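See below for the structure under consideration.
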Amino acid sequence: MNIHQEVALLAPVPFVHLEDGEPVCRKRGKVAYGGRNWELFRRLDKHRDELGVEKIDVFIYASQTREREHFVSWHACYIGHVEGIGGAHPHGPKFRPPSTLDDGTGYWAVFWEVTDLERIAPIQISELRGLDAKKDYDKSFVPEGPILIENPW
C-alpha cells in the first residue's frame, strides 16, 4: 500500500452512512460519499498524482450524532473522486451506502471514493492541524466539510 505520510483528509460523514458504508466497502472494494467541494477533491487528486501515491489517509468525524464529539473515530484510504451525473454517482447506488438512497440525489457535485473503511481508536480533533497551518485546531473545532490536514500518522 502506497500512502503519502504528509497530507491527509479530515471529513465529517453522518454516522449512519459510515455504518452502512462499511459492508459496501468490504463487498465492493470501495464506498463513495457525496460532496460539493469539487475544488478540494481536484486539489487532493493533484497532490496524490504529483507524489505518485495511490492512496491518501482519510480521518473521519462521525457527524449527525446526538452529541457533538470532538474526535475522529473512523479511517479510510482515499483513492480518488468522480464527478456526479445530474448529482448522482455515475454507477448509481453500487458504491453508495444504502442509507444514502434518499440523501439528496441531484445535490452532489462529486463523489469521493475510499477503501479500507474501518473504526479506529479515537483521535481528538484538537490534536490535528490543517495543511500549512501553524497550530492545531481549537478544542471546540468540528469540521463542517472535508478539509486537508497534516497526516497525524
Worksheet item: Mind checking which pairs have a first residue in the stretch 38-63 that is small (Gly, Ala, Ser) and a second that is surrounded by fewer than 21 Cβ atoms within 10 Å (Cβ to Cβ), Cβ under 6 Å, 6 or more apart or different chains?
Response: 62/15; 62/73; 63/12; 63/14
Worksheet entry | Flag for residue 16 being in contact (Cβ under 8 Å) with a residue 60 or more places away in the chain and either more than 16 Å from the chain's Cα centre (by Cα) or surrounded by 13 or more Cβ atoms within 10 Å (Cβ to Cβ) (or both) | yes
Discussion item. For the structure I just gave you, tell me whether residue 43 is within 15 Å of the chain's Cα centre (by Cα), loosely packed, with under 15 Cβ neighbours inside 10 Å and farther than 11 Å from residue 114 by Cβ.
Written reply: yes
Worksheet item: Right, residue 24: assigned to a helix (DSSP H, G or I) and either out of contact with any helix residue (DSSP H, G or I) (no Cβ under 6 Å at 6 or more places or on another chain) or among the aliphatic types (A, V, I, L, M) (or both) or not?
Response: yes
Discussion item. Go through the stretch 71-110 and report how many residues are surrounded by 18 or more Cβ atoms within 10 Å (Cβ to Cβ), touching a helix residue (DSSP H, G or I) at 6+ places or on another chain (Cβ under 8 Å) and in a loop (DSSP other than H, G, I, E, B).
Written reply: 3
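Just the residues that are among the charged types (D, E, K, R) and either at pLDDT 95 or above or under 22 Å from residue 142 (Cβ atoms) (or both), please, taken from the stretch 1-38.
Result: 19, 20, 22, 26, 27, 28, 30, 36.
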Worksheet item: Among the residues of the stretch 132-149, is any modelled with pLDDT under 90, surrounded by 17 or more Cβ atoms within 10 Å (Cβ to Cβ) and touching a Leu at 6+ places or on another chain (Cβ under 8 Å)?
Response: yes
Worksheet item: Restricting attention to the stretch 132-146, does a residue exist that is of a type outside the set (Asp, Glu), in contact (Cβ under 8 Å) with a residue 40 or more places away in the chain, over 16 Å from residue 20 (Cβ atoms) and in a strand (DSSP E or B)?
Response: no
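Out of the residues in the stretch 114-131 that are aliphatic (A, V, I, L, M) and part of a loop (DSSP other than H, G, I, E, B), state the one that is modelled with the lowest pLDDT.
Restricting to residues being aliphatic (A, V, I, L, M) and part of a loop (DSSP other than H, G, I, E, B), the top hit is 131.
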Worksheet item: Can we say residue 85 is farther than 17 Å from residue 27 by Cβ and not basic (Lys, Arg)?
Response: yes
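The values are calculated or read from the model by the stated rules, or taken from the named source; none is laboratory data. Model, not experiment: these values are computed from the prediction. All Cβ positions, glycine included, derive from the backbone under ideal geometry; neighbour counts span all protein chains shown.
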